[in-house]
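J.: Below is one structure. I have some questions about it.
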Amino acid sequence: MPWRALIRKIYFLLLMLPAALFSAAAGADVLDELTVFQERADAVVRITFGARIQYLRNAIVGDNLLEIYFQILSAEGVTITETRRIAPSATFPGVEVTYPLQPRFQQQKLTVRFTSTVRVRVRPAGNRALDLIIPDGARLLARAPAPEQAAAVEPARDSATRFVIRLESFRTLEDMRRAPPVPGQFSNFDVFASEARRDGRTEYDILLGYFRTVEAAERAHRLLLQRYPLAEIIDLGEMAPEPARAAVSPAVPAVPAPEPAPTPAAAIPPAPLVTPPAPVAAIPPAVAPPPLPAPPRAPPAVTATAPPPPPPTSTAEVEASAAEIMAVARAALDAGSSAVATERLNQVLMLPPNSHSQDAQELVGLARERAGETAKARAEYELYLRLFPDGEGAARVRVRLAALGAPESPAAPRPDRAPVSAISGTFSQYYYGGRSKVETAFNMPTTVDRSSFATTDQSTLVTNLDLTLRNRTASSDNRFVLRDTDSASFLSTQDSYNRLNAAYYDYRGLDNTLTARIGRQTGLSGGLPNRFDGAIAGVGLAEHWRLNAAAGVPVEYPALDSHRSFWGTNLEFENLGGAWSGNIFYVDQQVDGVLDRRAVGNELRYFRGGTSLFSLLDYDTSYQEWNITMLQGTWQSEGRTTLNLLYDRRKAPLLTTTNAILGQPTTSISTLLQSLTLAQVRQQALDVTAIATQALIGFTTPLSQKWQAGADARLTNVGALPAVVINGIAIAAQPATGDIYSYGVQAIGSNLYSSRDTNVFSATYLDGPAQQGYQLAYNNLSLIATHWTVEPSLRYYTQKDTQQVELTRWTPSLRITYQVHNNVALESEFNWEQTRTVGPASMDKTQRGFYYVGYRWNF
């Protein structure tokens, strides 16, 4: 799509925005953006947050839905539903991430939907990002060619006489979902489903095709028999048209292996060959292929070539065949014939697991390395270490892998791709309504005094626009991003406003190492402000190193009367030792002509296997105070157990001279300086800045295929604030909260009574110096029909404080989503809250109804 057409479409979308919208107080977005990049042989979808988060656990729902549970660690956040998405491409599935409206004090939930079945695992990427890793998904991004050995069985595309291979037949669609994936060497073939009537019953076939000659089909058939022992060659003859294809799964492993690698803890189960719709009628008779003959007629006699020998079936035959092929492969490797060696070694790897599989996996990497296929060699070596981490050759493989050096930059698309101009995004509108009723009874000496009032406390229309324009050429990748929340309040007590959350141009060079982003954006690393208007640019210095610089003006909501500006720089390193990344930063910030903040710090990330660690140090050299000391980590075992930990001690809010205006009748530092010295203003900033400490340890472990259990313990402590008097205004002292402990347990059941449901049971106990309480909660998600999703929940909370005031709260709610179209959804939520507070002298009963209704359009 040319740029002029894109601009016209943007103009049309902007005209759709109402003139005014939303009210209630809101902070920064919880979701920032989605990006996708290549990491070695894998594809990674990165979810970036505008708030600090701690990953807890996730649950699998059906075959393309993932629920991620996390905790928000900072005050940033919104009071509206947020959505971010990546549109599907010809080879890569679309991704939609939804953060629904939910109470901030409880565990948060994020919903991730893919447009097709994929295998995926979740990895924390610091304290503001989560990575969704799609194993062997890099080929979906780069459209990598199929392995060389597939050339011997190249699919036919234009022949009238075609052959297909029926891999397997199934009695039900559910059985078909559990079919093993097609080996990666056949990834350039079509895989599709067919419905057939046999012996008076309906069966479902998985077919692979097409083959121009029976010889080509026989060669493929011989390889496929190891994984599909009942596979048959079908001669379609002159049968046309082609069978209607079901959605072809893009998650077929790209590297040949005896069996797919075990699914990690946070993984959606390995993708089936196809993603058939749930109901049988999903393959319409009008487009379904004609039933294949049963039994099939035998393939024509082969005159030019003798029939191939039958594949080995017993263990002894497998071992003998593997030994014979390995001898030929080793001889070819010694003779310098890497192509022949690679072909023979892949034949060994296609056999059932045997005593030569481990050596074959190591040698196929060596063969590709000697052939100059560095990327493929790296993928083979990495697969060896995943399958045989303690194998006899593991040390050799690690040395060879390190000698290959770092892979090419994962963030940059291949320069030889065709130019792309595209527009995508989300447009949504929601109406939020709420009404409260309060009844109070006071105990008087001789009677009981009662009062009651009701009010509408929320009536707001919210419109969100998340727009991305992309123009990729052979030399650069360019994006323009616009995210805006415009809101209109229908209450006189609340104001309407428009909030421009992001509006920036992003440049990434494909034939150079330059990157740049200019406009309103979020500073997610390098000590930058949460949101600022400005620019950040970077250049690669060496293979693993980059130098970045940034400058701009922080953006506050609500705005201050003071003028602030900053500049900063950071030296970034990536993939040192194959596991370490991070940066060293320096930031200088001014406010109304005086120093606001001057800080140095370091961010450090470690990713290896199932271990992820992130640390952050931020030290203000002007105040000589530590702003942040933080360590956050996640460990995932082979048995799918996940362990989380967090220690976070920081100034709250971040220490700046601007903090001195807190509690003052002005939002201008220059106004304060008219009556106070700079030293007094700086001391005031120190006095009103508390120290907040958070710590967490938790785990999640599977109990069965459908159940997992988790538990966590949390500590929160916010320091005291002294009483201060400035310009005759007294600010009361705020006592420290003391150590507040909470202990929680969760049980999560997935796909218990359908192909797409989750059930979460949780209990939390809270213990602090001023109160004790506990909460019981149940949350459910169910697909009740093809287009309907319901999410009922129920929470019960009670607490008692040191003043003998007892609070009890019931909160039932129901969220409903109707998928009108692939790109349009109607959403609503209804929430009822009833609170009863009983003290020595009074009793309050509060009832509050809250709801929202709206729609979301993905374009």
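J.: Can you list the strands (runs of 3 or more DSSP E) lying wholly within the stretch 723-768 that have 1 or more residues being open to solvent by 70 Å² or more (accessible area, probe 1.4 Å) and modelled with pLDDT of 80 or more?
T.: Details: elements: 724-726, 729-731, 740-750, 757-767.
Ranges flagged: 740-750, 757-767.
J.: When you go through ASN471, ASN443 one by one, which is the residue that is open to solvent by 20 Å² or more (accessible area, probe 1.4 Å) and either at pLDDT 80 or above or among the aliphatic types (A, V, I, L, M) (or both)? First the steps, then the outcome.
T.: Values: ASN443 fails: either at pLDDT 80 or above or among the aliphatic types (A, V, I, L, M) (or both).
When all the criteria are applied, what remains is ASN471.
J.: Give just the number: which of (1) in a strand (DSSP E or B); (2) open to solvent by less than 10 Å² (accessible area, probe 1.4 Å); (3) modelled with pLDDT under 80; (4) not β-branched (Val, Ile, Thr) does MET176 not satisfy?
T.: The one condition MET176 does not meet is (1).
J.: Which residue is nearest to the chain's Cα centre (by Cα), if the candidates are limited to the stretch 490-514 and must be of a type in the set (S, T, N, Q) and open to solvent by 30 Å² or more (accessible area, probe 1.4 Å)? Lay out the reasoning, then the answer.
T.: Keep residues of the stretch 490-514 that are of a type in the set (S, T, N, Q), which gives 492-494, 496, 498, 501, 512-513.
Within this subset, residues satisfying the condition of being open to solvent by 30 Å² or more (accessible area, probe 1.4 Å) are 492-494, 496, 498, 512-513.
Working: SER492: 40, THR493: 38, GLN494: 35, SER496: 32, ASN498: 28, ASN512: 29, THR513: 26 Å.
If we take residues in the stretch 490-514 being of a type in the set (S, T, N, Q) and open to solvent by 30 Å² or more (accessible area, probe 1.4 Å), then THR513 is nearest to the chain's Cα centre (by Cα).
J.: Hey, another quick one. If the requirement is being more than 26 Å from ARG52 (Cα to Cα) and among the aliphatic types (A, V, I, L, M), which of these qualifies: LEU672, LEU613? Full working, then the answer.
T.: Working: LEU613 fails: more than 26 Å from ARG52 (Cα to Cα).
One residue alone meets the criteria, LEU672.
J.: Follow-up. Give the residue that is farthest from the chain's Cα centre (by Cα), with candidates limited to residues of the stretch 412-440 that are at pLDDT 80 or above and of a type in the set (Lys, Arg).
T.: LYS437
J.: Out of the strands (runs of 3 or more DSSP E) lying entirely within the stretch 74-159, which hold 2 or more residues that are at pLDDT 80 or above and out of contact with any Phe, Trp or Tyr (no Cβ under 8 Å at 6 or more places or on another chain)?
T.: Details: elements: 82-86, 95-99, 108-114, 121-124, 129-134.
Of the strands (runs of 3 or more DSSP E) lying wholly inside the stretch 74-159, those with at least 2 residues that are at pLDDT 80 or above and out of contact with any Phe, Trp or Tyr (no Cβ under 8 Å at 6 or more places or on another chain) span 82-86, 95-99, 108-114, 129-134.
J.: Restricting the search to the stretch 638-670, which residues are open to solvent by less than 60 Å² (accessible area, probe 1.4 Å), not in a loop (DSSP other than H, G, I, E, B) and not hydrophobic (A, V, I, L, M, F, W, C)?
T.: Residues satisfying the conditions are THR642, ASN644, ASP648, ARG650, LYS651, THR657, THR658, ASN659, SER670.
J.: Step by step: first the residues of the stretch 576-587, then only those that are assigned to a strand (DSSP E or B) and surrounded by fewer than 18 Cβ atoms within 10 Å (Cβ to Cβ), then the one that is modelled with the lowest pLDDT. Which residue is that? I'd like the intermediate steps shown before the answer.
T.: So the first thing to find is which residues in the stretch 576-587 are assigned to a strand (DSSP E or B), and the list is 576, 580-587.
From the residues that got through so far, the ones that are surrounded by fewer than 18 Cβ atoms within 10 Å (Cβ to Cβ) too are 576, 580, 584, 586.
Details: LEU576: 88, TRP580: 91, ILE584: 97, TYR586: 97.
If we take residues in the stretch 576-587 being assigned to a strand (DSSP E or B) and surrounded by fewer than 18 Cβ atoms within 10 Å (Cβ to Cβ), then LEU576 is modelled with the lowest pLDDT.
J.: Here is a further query. Take the residues of the stretch 671-719 that are among the hydroxyl-bearing types (Ser, Thr, Tyr) and crowded, with 16+ Cβ neighbours inside 10 Å: which is farthest from THR758 (Cα to Cα)?
T.: So the first thing to find is which residues in the stretch 671-719 are among the hydroxyl-bearing types (Ser, Thr, Tyr), and the list is 671, 675, 677, 689, 693, 700-701, 704, 716.
Next, only the ones that are crowded, with 16+ Cβ neighbours inside 10 Å stay: 671, 689, 693, 700-701, 716.
Details: THR671: 56, THR689: 42, THR693: 33, THR700: 16, THR701: 16, THR716: 30 Å.
Among those residues, the one meeting the criterion is THR671.
J.: Take the residues in the stretch 353-370 that are surrounded by fewer than 17 Cβ atoms within 10 Å (Cβ to Cβ) and of a type outside the set (S, T, N, Q); name whichever of them is nearest to GLU638 (Cα to Cα). Step through it out loud before you land on a result.
T.: Looking only at the stretch 353-370, we keep the residues that are surrounded by fewer than 17 Cβ atoms within 10 Å (Cβ to Cβ), and these are 353, 355, 370.
Still in the running and of a type outside the set (S, T, N, Q): 353, 370.
Values: PRO353: 20, ARG370: 32 Å.
Of everything passing the filter in the stretch 353-370, PRO353 is nearest to GLU638 (Cα to Cα).
J.: Do we find a residue being surrounded by 15 or more Cβ atoms within 10 Å (Cβ to Cβ), free of Cβ contacts under 8 Å to residues at least 60 places away in the same chain, in contact with a strand residue (DSSP E or B) (Cβ under 9 Å, 6 or more places away or on another chain) and closer than 30 Å to THR115 by Cβ anywhere in the stretch 795-811?
T.: Within the stretch 795-811, none of the residues are surrounded by 15 or more Cβ atoms within 10 Å (Cβ to Cβ), free of Cβ contacts under 8 Å to residues at least 60 places away in the same chain, in contact with a strand residue (DSSP E or B) (Cβ under 9 Å, 6 or more places away or on another chain) and closer than 30 Å to THR115 by Cβ.
J.: What single numbered condition from (1) open to solvent by 30 Å² or more (accessible area, probe 1.4 Å); (2) touching a residue at least 24 places away in the same chain (Cβ under 8 Å) fails to hold for GLY568?
T.: (1)
J.: Here's another thing I want to ask about it. Restricting the search to the stretch 383-405, which residues are open to solvent by 30 Å² or more (accessible area, probe 1.4 Å) and over 18 Å from ARG368 (Cβ atoms)?
T.: Residues satisfying the conditions are PRO389, ASP390, GLU392, ALA395.
The values are calculated or read from the model by the stated rules, or taken from the named source; none is laboratory data. As the structure is a prediction and not an experimental result, all values here were calculated from the model. Ideal geometry is used to build each Cβ from the backbone, glycine not excepted, and the neighbour counts take in all protein chains shown. Protein only, heavy atoms only, side chains kept; ligands, DNA and RNA dropped before computing areas. Shrake-Rupley method; radii C 1.70, N 1.55, O 1.52, S 1.80 Å.
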